[in-house]
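K.L.:
Could you have a look at this structure, given as structure tokens, before my questions?
Please treat every number below as a calculation from the coordinates, not as lab data. Every value quoted in this text rests on a predicted model; they were computed, and no experiment measured them. Glycine also receives a Cβ, built like all others from the backbone with ideal geometry; neighbour counts cover every protein chain displayed.
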Amino acid sequence: MFNKYTLSAGLLLSLSLAPLAAWAQQPPAAPAAAPESADALLARVDRQNNAFKDAFFHFKMRIIESSGVREVEFETKQKGNQKRLVRFLAPADVKGMGFLSESAEVMYALLPAFGNRVRRVGTHQMSQSFMGSDLSTSDMSVIDIAPLYAPKLAGTEGNLTILELTLRPGKESEYPKLKMWVDPAKATIAKIEYLDASGKKLRTAERLNFTEDAPGHFSPGKMVYTDHRRGNHQTELILIKSTVNNGYTDDQFTQRALTRE
Amino acid sequence: MRRLILSCALLLALGQTARADVDLKFSGWISSDIRFRVLGEERPLPNPVPAQWSLLKNGFSRNENRIRAALNLKVGTKVRAVADAELQLYGFSDIRDIDSTTLRDRVDPYYLEVHAAFIDINSLFGDVIPRFDLRIGRQTVPWGAADKFNPISNINTLDLSDPLQFGRMLANNMIRADWNPIGDLTFTAVLIPIFRPAQLPRTAPSALLDPLRPAPLQNQGIRAALDQERGLYVPIVDPNTGVLIPSGRSLTIQADVLAPEITAANMQFAFRTGAKIAGQDVGLSYYHGRFGVPTPAWSVVTGSVDKNVVQTTLVYPKTDVIGVEMAGSIQRLGGLGYWIEAGVNIPAEIRMGIYDAITSPGNLRPLEYQLDPSTGKYLRVTFNPSDLPPRPVVVEGTPFVKATIGADYTIAGRAYINVQYVHGFIDEFGAGRAARPRRNSIDIREDPRIESRLGDYIVAGVDVKTLHDRLLLRLFGVLKVPSVDLETRLWDDYAPTGVLFPQIIWTVADATELMLGGFVLLGDRSTKFGDPAAGASEIFVKARVSF
């Protein structure tokens, strides 16, 4: 009755949210001579996360387990922050599946196993993990960090500035605190530690191998997620290809596009 | 089979050297399915092919291997062609005589099913009529917001032969046009030239061929009169010894099925429009065609009183279905997903003619039944041809509604729950009430239970993922609840019945699954799922690798 992978529709879509913002970042303006405040630095990070009109990404996700490595390959098209169309390329049992997000509240799944039926998906599915990976919804869905978290400067480490972030009153997140390592020159995020209220480290996300994928744009070639609650279980997200500002139209983010492209 | 492989290889080779804008994808799977039937009622021969595939009380009910392959060919962005075929090896033999042992298709039967063979043309009229798409060929058109139980999805009939699938759509040749003028607004039109009947389960014919089952008539008085007449053929229980004494007479029912003629008048067609209102998906649809499960339309009583042969003919009921659907997500309830789907069926009435060829073999005489006020029972009478009363109704012309309402939710990111209320199961059709089989199949004196033709069911399932999603534990179930017939306001003579469907799905490696499970039918033989025609409980082992 249900294809087991329809249950993971939401998270696959959410894969494309915040990290996509991280992939395409324009070089920031030269920092001012005076020390930059935590709020100003975080604002620059958020601005650069949204520095493109649309984007295409080809990912390979490697879920590392004691029994071996599982790989999932998919492509994502994105326009703005809300419209997103994802297609699985591998493994074979999910190949052909697709997911469409028209907004944060409207999602669809394309189910080849059911005659290519397009099914409206409840947003509760965003809470599911995808194929046992360590990617969660909260870090994937946060595009703008500043509205959720209040930052504080917490020192430096090499050329990186460390920010400590606390969830603002009235906001909800799985992680009450974050610790973030930022490259102020590019306003890129090198590492995030996700903490509970007592400061205990729950997860870590590292962003590595930044390359220029378009003039003035830098994207991390690899992201590594480590879940310390699950015995340091790791998931790698490898960017195979990315292009930004491709001129996508709204027509390319409809149920018709989901079934016909 | 060899030609298929060669054709695939040729296509692949052509793909290597063809135009740069040609994209060819090949996919499929290989699977095995072994099932063991438990505590069923044996279905005696004659059986259709294959002969070794007889349904024993306890025995293997499936021993299948399937090889499925799909080709997806894209030519630029405008044209796409899809071919999807599945070779099924039964795993049983059909050996009847010495000659059949020399024939491979009798020693190792198989069949080839084509799930898709169509051509897509996107934006057929270019910018003149943007986003007008055409699809021609063998295809399925799944409509409806609900999961699996879709009262508005009637374009394709169902394969009911595998109970674990709860009805899988059968592809058919059709022409489909879609137009997406703006945003989420869509219009779809489908034309199906030739009707394709549903595939029934191997146990289904017993619902008609068992001469001691209640006749499928709406009028319970006439039904009781027919049952009374069949008492001649029921074994008698010796009151002293309790042993069954054969009646010495036989009653055999033969059933022929009359498929619709392949005329323009018998074409099916359907329309649908869909849109989004306040973030919720809504749809309106119309279908004109037939229901996929045949219904008795007339019977001719032949032979003799001692060796009575009733030749029954079944037809596929005509119907029009007006459908509405709605689906969305409720943010205030944690993103709960919901759907509502309903179809108003307007069937053509079917009345059953019963004719006597025993007493008047050269001139069929209709058997008619009239209510005797003094006894309150229906008796067989002979009318003048000009005074014949209406024949008894099998399918009422009264419109009826089939509907599904459901919701799904995820708990703690691990447990997925799906619950639906279904009014009118996938194989149910028609308003009114009908008699269920008797608990004691040979006791004609037992009054059969009377139930609404359209039952009410709770269908629910839960999936729990463990071991980093490698292991999926699934429990799915169906429970029939008491129903009331809206026309007569009569409640069912209720007896509990349902289905339990537990499964363990283990992803042993990428694209490779092992499945172990059971399909447990609950209820006595007078109930929907306990009825021998519904099949029997099974345990199964499956394996599948996708490529």
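K.L.:
Within a 10 angstrom radius of each residue's Cβ in B:133-145, how many Cβ atoms of other chains show up on average? Whole number is fine. Write down the numbers at each step before the final one.
P.N.:
Details: counts 3, 0, 1, 0, 0, 0, 2, 4, 3, 7, 1, 2, 2.
Mean partner-chain Cβ count within 10 Å for B:133-145: 2.
K.L.:
Under the definition of partner shielding as Cβ atoms of other protein chains within 10 Å of a residue Cβ, what is the mean value for peptide A:73-86?
P.N.:
Numbers: counts 0, 0, 0, 0, 0, 0, 0, 0, 0, 0, 0, 0, 0, 0.
The per-residue average across the peptide is 0.
K.L.:
Moving on to the next point. In what order do B:I405, A:I145 fall by count of nearby beta-carbon atoms within 10 Å, going from fewest to most?
P.N.:
Details: B:I405 17, A:I145 22.
Ordered by Cβ neighbours within 10 Å, fewest first: B:I405, A:I145.
K.L.:
Right, here's the next one. Can you compute the helix-only [θ] at 222 nm over chain B? Use -39500 (n - 2.57) per DSSP H run of at least 4 residues, normalise by all residues, nearest 500 deg cm²/dmol. Working shown, then result.
P.N.:
Details: 4 runs with 35 residues, N = 547.
Only helices count here, giving -2000 deg cm²/dmol.
K.L.:
As an exercise, use a Förster radius of 56 Å and the Cβ-Cβ distance of B:L56 and B:L124 to find the FRET efficiency, rounded to the nearest 0.05.
P.N.:
Values: r = 54 Å, r/R0 = 0.96.
Efficiency computed from Cβ-Cβ geometry: 0.55.
K.L.:
Just tell me how shielded A:111-117 is by partners: mean number of partner chain Cβ atoms within 10 Å of each residue's Cβ, no decimals.
P.N.:
Values: counts 1, 3, 1, 6, 11, 6, 9.
That works out to 5 on average.
K.L.:
To make sure I understand, if each residue's beta carbon is the centre and we count other beta carbons within 10 Å, what order do B:I444, B:I358 fall in, fewest to most? Intermediate values should be presented prior to the final figure.
P.N.:
Details: B:I444 20, B:I358 14.
Going from least to most buried by this count: B:I358, B:I444.
K.L.:
Report the label-to-label distance for A:A197 and A:S66 in nanometres (one decimal), using points 7 Å from each Cα along the Cα→Cβ vector.
P.N.:
3.3 nm
K.L.:
Here's something else I'd like to know. Quick one: Karplus J couplings for the stretch B:101-116, per residue in order, coefficients 6.51, -1.76, 1.60, θ = phi - 60°, nearest Hz, x for Gly and Pro?
P.N.:
Running phi through 6.51 cos²θ - 1.76 cosθ + 1.60 with θ = phi - 60° gives 6, 9, 9, 4, 6, 9, 6, 9, x, 8, 8, 10, 10, 9, 7, 7 Hz.
K.L.:
Taking the Cα atoms only, what angle lies between the long axis of helix B:220-230 and the longest principal axis of chain B, rounded to 10 degrees?
P.N.:
70 degrees
K.L.:
Further question on the same structure: Tell me, what HN-Hα J-couplings in whole Hz come from the Karplus equation 6.51 cos²θ - 1.76 cosθ + 1.60 at θ = phi - 60° for each residue of the stretch B:446-453, using x for Gly and Pro?
P.N.:
6, 6, x, 5, 10, 10, 4, 4
K.L.:
For a footprinting-style exposure proxy, rank B:T497, A:T123, A:T249 by other Cβ within 10 Å, fewest first. Before the final figure, lay out each step's value.
P.N.:
On the way: B:T497 22, A:T123 26, A:T249 10.
With the fewest neighbours first, B:T497, A:T123, A:T249 line up as A:T249, B:T497, A:T123.
K.L.:
Among the listed pairs B:K148/B:K480; A:K79/B:K25; A:K201/A:K222; A:K83/A:K241; A:K152/A:K201; B:K402/B:K528, which have their C-alpha atoms separated by more than 24 angstrom in this model? All intermediate terms of the calculation are to be shown ahead of the outcome.
P.N.:
Working: B:K148/B:K480 17 Å; A:K79/B:K25 27 Å; A:K201/A:K222 21 Å; A:K83/A:K241 19 Å; A:K152/A:K201 18 Å; B:K402/B:K528 17 Å.
With Cα atoms farther than 24 Å apart: A:K79/B:K25.
K.L.:
For helix B:2-17, report the angle its Cα long axis makes with the longest principal axis of the Cα atoms of chain B; keep it between 0 and 90° and round to the nearest 10°.
P.N.:
It is inclined by approximately 20 degrees.
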